[in-house]
Every structure is written in C-alpha cells, then in structure tokens.
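The values are calculated or read from the model by the stated rules, or taken from the named source; none is laboratory data. Remember, predicted model here, so these are calculated numbers, not experimental data. Cβ: placed from backbone, ideal geometry, glycine included. Neighbour counts: every protein chain shown. Keep in mind that these areas ignore ligands, DNA and RNA; they rest on the heavy atoms of the full protein, side chains included. Shrake-Rupley method; radii C 1.70, N 1.55, O 1.52, S 1.80 Å.
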Amino acid sequence: MAAQYDLVVFGATSFVGQILSHYLAQQFGLNGELTWAIAGRSERKLQALRGSLLQELGDDAKHLPIIVADASDETALQQLCNNTRVVVSTVGPYALYGETLVKTCAATGTDYCDLTGEPQWIRAMIDRYQDQAVASGARIVHCCGFDSIPSDMGVYHLQQQAQQQFGQSAKRVKMRVKAAKGGMSGGTVASIVNLTKEAVADPGLRKQLANPFALCPAGHGFSARQPNQKGAQFDRDFNAWSTPFIMAAINTRIVHRSNALRENAYGADFVYDEAMLTGRGGKGRIMAGAIVAGLAAFMAGAAIKPSRWLLEKTVLPKPGEGPSPEDQLNGFFDIRFQGTDANGNTITTKVTGDRDPGYGSTGKMLGQAAAALALDYHKDKEKVGKDGGFWTPASIFDERFIERLTEHAGLTFEVLD
Ligand SMILES: NC(=O)c1ccc[n+]([C@@H]2O[C@H](COP(=O)([O-])OP(=O)(O)OC[C@H]3O[C@@H](n4cnc5c(N)ncnc54)[C@H](OP(=O)(O)O)[C@@H]3O)[C@@H](O)[C@H]2O)c1
C-alpha cells in the first residue's frame, strides 16, 4: 500500500521539534508540495502543538494529522513507518530513545534523518542496521542540525571550489568558528551528560571517541594524523587566539565519513580540524583561557555524579526548555574554512546562519534535510538518487541541498578569496 505521507515529524513536541513543525507549516503549508503529519508520545501535547500552528496554517491546522507512538513501541513505529516515505526524529538523547525507530526504518525501507550528535550511538546503529538499510533501500542520515550540516556541507562547498580553482581538492582544511550567538536546550544538555556518563564508565568507548575515523566504514585506509587541540592556541592562519570547539568531536567524524563515502574525494590523506576563534591580542588570549577553563569545569562537573546532579537541578536547562524566541531570532553563526591543496594554493570560505545555531537555524536545516529526502530523493512517490544505507549530509546531498539551505534556511556559503 502506498504511504499516506511524504514526511512524519517524530518528537514534534520537543523543544526543537516545535520549531521544526512551525517551520514546515510556514514553508510547505498542509497538503501542498509536501504532505506531513506530527507524531510523539503524548496526544495532549500534540494537540496543543497543532493548536499553536493556527498562525501558519489557519483553519487547516485542525486537519494536520496526529500519530501517537512511544519511542519503544515497535508495532506503533512500524505502522508509522508504513505510512510515510520519510521520518524526521527529534526524540533524544538518541542513545536512550532512538534505536527502535532506526531499526524500524531500516526494516521497512523508510528514509530517516535526525539531530543526533552522539558518535557512539551512530557507530552502533551503522554496525547493527547498515545491511538491512542497504537491503530495504532506507536512506538514514544522522547529524542534520548545527552538528554537522555547516561543517559537512561547508567542507563539501570548499572542495567544490578548490576543484574548480585548482583542479584538485584541498588536502588540509581548517574550520574555525569566528562568531556565534545562541543557547542550549534541555535535550542537548541531556545528550552531552549521557555521553559523558557512558564514557566515564567505559574505557573502550573513550578509545572509540578519541578515534577521528571512528565513523568511517571498515577498510577506509585513512591514517593521516589529525590535529587535536586541547588548550588555548594562537592560530597564525586566522591571526587570532583559538580554543577547542565542543562540536568538533562529532563534526570531524562526520566529515571523515563523508570523505570515505564520497570515495576519498578530499584525498586519502585528508586532514581536518575545528576550533573556535576568540580574537587577537591580550583580550583574545584571556577569552581563550577562560573558555578552556569553563569547558574543563563543565566536563568535570558532568562526569561526577553529585556535581552532575547539582548542575542538572540548578543551572542547566531541563528537557523541553531552551533559548527564547527572541534569543533564537537574535542569534547567528559565522564559520570560516581555510583549505590548502598539495601545491600550497589556499582558499577561504565562509558559512553563516541567520538564527541561533542550535535551535532557530537547526530547525530550518533539519526541515530542509527532511524535505530534500522527501522531495528531491523521491519522484512520483518512488525512491530516486542514492541507495539505502547510512549516509552523511555531504555524502547524500549535493548542490540542490546548498540551494535549499541558502534559499529557505537562512544560510550563506561564500568564497572569500
Ligand atoms: N544536532 C544539533 O545541532 C542539535 C541541536 C538541538 C538539539 N539536538 C538534539 O535533538 C534532541 C532533541 O533536543 P530538544 O532540546 O528538542 O529535546 P527535548 O525538548 O528534551 O525533547 C525530547 C523529546 O523526546 C520525546 N521523548 C522522550 N522519550 C520519549 C519516548 N519514550 N517516546 C516518544 N517520545 C519521547 C519527548 O516527548 P514529550 O514532548 O512528550 O516530552 C520530547 O518530545 C536532543 O537529542 C538534542 O541533543 C541536536
């Protein structure tokens, strides 16, 4: 039986799921180019969300279909998957609640994208369900938010430009966050805390997390030593002080997997790292030192049970909480890439977003990733494009996705020199 919907938003009532639902309503209306439904575990919350979509959908809002399903209910998720071509999930931490849906998508051939930034969980999902996804044709795309679309598509964009300008790809790329403004949600905090808890308890996992190629397919053959910035450093290329960037832990792994899945398009000895710039001179240095100390304190606090409890109960946002609409609107990000090819030619590019990275921009990026799967990777309701399997944004998507992001999601991709 043909699927009823192009897209189902699972976890529509989460902090970021609500942003995504409002965005989809505003971009696609109800039954136009994209037919969609909202899903989650609480019918009451889903109805409240539907009520809040009156602004975008008018009276049509009451016709937006609701599907009630718990993340652990395989039968309900099977029904959900049989009714849609694509599922987009914001139910996290994914390591706690995400597996049944990925398993069901891989079994039913349903395309899937999400917002996880949890490398250990992605590795486990690939190992368990890649063969089934290949057999069923399900295209699974993790990391479709601020981690890791700007990094992954930013490197893809830089490499396209390098090919055009130099006839070869850049074997060394640096990504630097020049500026960003935004906050954190309870779901993100819960994911970081859960990952820290798992890593503290499992030395094998700590080893896996330290491996830059941890998400690459078997036999990738990559061995180039990757930089791993631990403290404050002066970066001559960007003429500024820099600190470690917390999202590098997932973004760098995704970028290397993209390289592997794109048949080493960036080179078998490709070197990539990410850091955050804090400015020049004494002020930049002090700021870098303060960020490094703050990060270390947060990680130490999250690693130890009593301080973790205190952090969760006091300063950190709870599940369902996050930056205010004003903070999302006033947020932004500006990241820079510098690529160098084997002959020493360099190219600098910039990727920006017009909302706070983790929520306002993430909601739009995730919406466009889901729309790309539903509209660009299906024709006359049949799958077209890539085969089934676990992809990354830059290995499944192409120029059309950059167009979607720039035309409809407030991102820019620009060559600076
Ligand atoms: N990649 C990125 O850049 C990025 C950015 C932002 C967020 N994230 C990730 O996205 C995820 C969501 O973040 P958030 O702040 O929006 O989280 P949140 O507000 O805490 O929402 C979590 C959602 O999971 C649902 N849920 C929990 N257990 C469930 C179950 N058993 N069955 C069905 N649904 C269940 C909750 O349902 P109820 O609504 O009914 O409580 C809620 O909708 C997190 O994993 C976060 O790390 C990633």
Based on the Cβ-Cβ distance from Leu295 to Ser42, what FRET efficiency comes out when R0 is 60 Å, to the nearest 0.05? 0.95
Work out how much length Asn343 to Ser307 would gain on full extension: take 0.36 nm times their residue separation and subtract the Cα-Cα distance, in nm to one decimal. 7.9 nm
Taking the Cβ of Asn194 as the centre, find all other residues whose Cβ is under 12 Å away and add up their charges (Lys, Arg: +1; Asp, Glu: -1). -1
Can you tell me the accessible area per residue over the stretch 149-359, all protein chains present, probe 1.4 angstrom, in square angstrom? 47 Å²
Could you tell me what % of all Cα pairs in the stretch 149-359 have separations over 25 Å? 45 percent
Can you list, largest first and rounded to whole Å, the semi-axes you get for the stretch 120-242 by taking the square root of 5 times each eigenvalue of its Cα gyration tensor? 27, 23, 17
Distance in Å, no decimals, from the C-alpha centre of the stretch 299-351 to the one of the stretch 137-151 is 17 Å
Can you work out the FRET efficiency for the pair Asp380 and Glu321, with r the C-beta to C-beta distance and R0 = 45 Å, to the nearest 0.05? 0.60
At R0 = 35 Å, how high is the FRET efficiency between Glu399 and Asn82 if r is their beta carbon distance? Nearest 0.05 is fine. 0.60
Potential lengthening between Leu329 and Val68 on full extension [0.36 nm per residue; Cα-Cα distance subtracted]: 90.9 nm
Can you find, among Pro323, Leu195, Leu261, the residue farthest towards the positive end of the dipole of the stretch 149-359? Put +1 on the C-beta of Lys and Arg, -1 on that of Asp and Glu. Leu195
Rounded to the nearest 20 debye, what is the charge dipole size of the chain about its Cα centre when +1 sits on each Lys and Arg Cβ and -1 on each Asp and Glu Cβ? 1300 debye
Enter the mean projected area of the convex hull around the alpha-carbon atoms of the stretch 366-417, in nm², rounded to one decimal. 4.4 nm²
Would you calculate the volume per residue, in Å³, of the smallest convex hull containing every Cα atom of the stretch 1-152? 111 Å³
Taking a cut-off of 33 Å, what percent of all Cα-Cα pairs in the chain are separated by more than that? 30 percent
Projecting the Cα atoms of Ala293, Met365, Trp391 onto the charge dipole of the stretch 293-417, where Lys and Arg contribute +1 and Asp and Glu -1 at Cβ, the residue farthest towards the positive end is Ala293
